[in-house]
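The values are calculated or read from the model by the stated rules, or taken from the named source; none is laboratory data. Because the structure is a prediction, the values reported are computed rather than measured. Every residue, glycine among them, receives a Cβ derived from its backbone with ideal geometry; neighbour counts consider all protein chains shown. These area figures cover heavy atoms from the full protein model, side chains too; ligands, DNA and RNA do not enter into them. Shrake-Rupley method; radii C 1.70, N 1.55, O 1.52, S 1.80 Å.
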Amino acid sequence: MNSSCSRTSDMSIIRINPNDYDVWSALPTYYQEMSPFYVEGRHDEGTAWIEITGYGIVAEVEVMLVEMTERPADRYWRTEAGPVVKAYSLVDVIGLDFHHPLLQSGMYEEDTDAVIRTKWEQGYRVPSRKWTRETFATHLAEEQATNRLAPTTVCMDCRDDLSRYGQIGVRLMEYHLEAGSGTWLCPTCHKARHYNL
């Protein structure tokens with residue numbers, strides 16, 4: 001998985017390379033099954049974000065424990081395991097953004113669970129545990145009331161330019177309301193703002 005960890009505010013970020021671990025299939029499955037899974041590396045206990053390398057932050061997890069062991073078995077590994085003992089952290093998905101626009105490029109292959117596919121098609125969003133369903137739905141409704149294309153492809157927070165995605169770049173921008181005013185953000189920064197509220 002070659003995950004790494006860094007800190008943002010009070011939460012760490014666990015980066016996972018999708019070439020080493022099939023996160024597109026694993027995250028929705030483990031979220032729905034409520035099954036914890038292992039990520040490579042020693043990560044601080046508490047909550048953390050999962051960032052898929054090249055795609056941004058897509059999930060919030062709780063780090064349950066850290067073990068020194070050979071790589072635990074998991075059907076989503078894409079690489080062969082060696083006999084090396086390393087640190088692995090057991091994490092539980094507590095928030096998954098099914099509606100993250102960048103997930104569309106790799107998620108939902110032919111064998112994907114029909115329930116997950118239906119949730120995506122219906123625009124289902126799973127809030128972080130920091131939100132109640134009612135407050136999250138109200139916030140999203142207010143943000144989506146600004147139903148227009150962004151005037152830019154450059155995120156106001158991280159300055160990342162989504163024009164690299166071609167014509168869809170402007171559609172990936174998300175409008176974030178805070179204290180009565182709005183800003184245009186990339187999906188990753190928008191998710192981070194929601195977690196920090």
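So for region 70-91 (the condition being closer than 30 Å to Gly169 by Cα, within 15 Å of the chain's Cα centre (by Cα), outside any loop (DSSP other than H, G, I, E, B) and touching a residue at least 12 places away in the same chain (Cβ under 8 Å)), does at least one residue qualify? No: region 70-91 contains no residue that is closer than 30 Å to Gly169 by Cα, within 15 Å of the chain's Cα centre (by Cα), outside any loop (DSSP other than H, G, I, E, B) and touching a residue at least 12 places away in the same chain (Cβ under 8 Å). Taking the conditions (1) at positive phi; (2) open to solvent by less than 40 Å² (accessible area, probe 1.4 Å); (3) modelled with pLDDT under 90 in turn, Asn2 satisfies each one other than (2).
Only one entry of Thr47, Thr53 meets the criterion of being under 20 Å from Leu172 (Cβ atoms) and of a type in the set (S, T, N, Q), and that entry is Thr53. For region 173-193, a tally of residues being farther than 17 Å from Ile14 by Cα, hydroxyl-bearing (Ser, Thr, Tyr) and in contact with a strand residue (DSSP E or B) (Cβ under 7 Å, 6 or more places away or on another chain) returns 2. Restricted to region 7-34, and to residues there that are modelled with pLDDT under 60 and over 15 Å from the mean Cα position of the chain (by Cα), the residue that is nearest to Gly54 (Cα to Cα) is Arg7.
Results for (1) open to solvent by less than 60 Å² (accessible area, probe 1.4 Å); (2) closer than 23 Å to His190 by Cβ; (3) at pLDDT below 85; (4) not hydrophobic (A, V, I, L, M, F, W, C), shown as yes or no for each residue.
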residue: Glu60; (1), (2), (3), (4): yes, yes, no, yes
residue: Met68; (1), (2), (3), (4): no, no, no, no
residue: Pro72; (1), (2), (3), (4): yes, no, no, yes
residue: Tyr76; (1), (2), (3), (4): yes, no, no, yes
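Please find, within region 35-44, the residue that is modelled with the highest pLDDT out of those that are farther than 10 Å from Val91 by Cβ and open to solvent by 40 Å² or more (accessible area, probe 1.4 Å). If we take residues in region 35-44 being farther than 10 Å from Val91 by Cβ and open to solvent by 40 Å² or more (accessible area, probe 1.4 Å), then Arg42 is modelled with the highest pLDDT. Inside region 19-40, residues that are in contact with a strand residue (DSSP E or B) (Cβ under 6 Å, 6 or more places away or on another chain) and in a loop (DSSP other than H, G, I, E, B) make up a count of 1.
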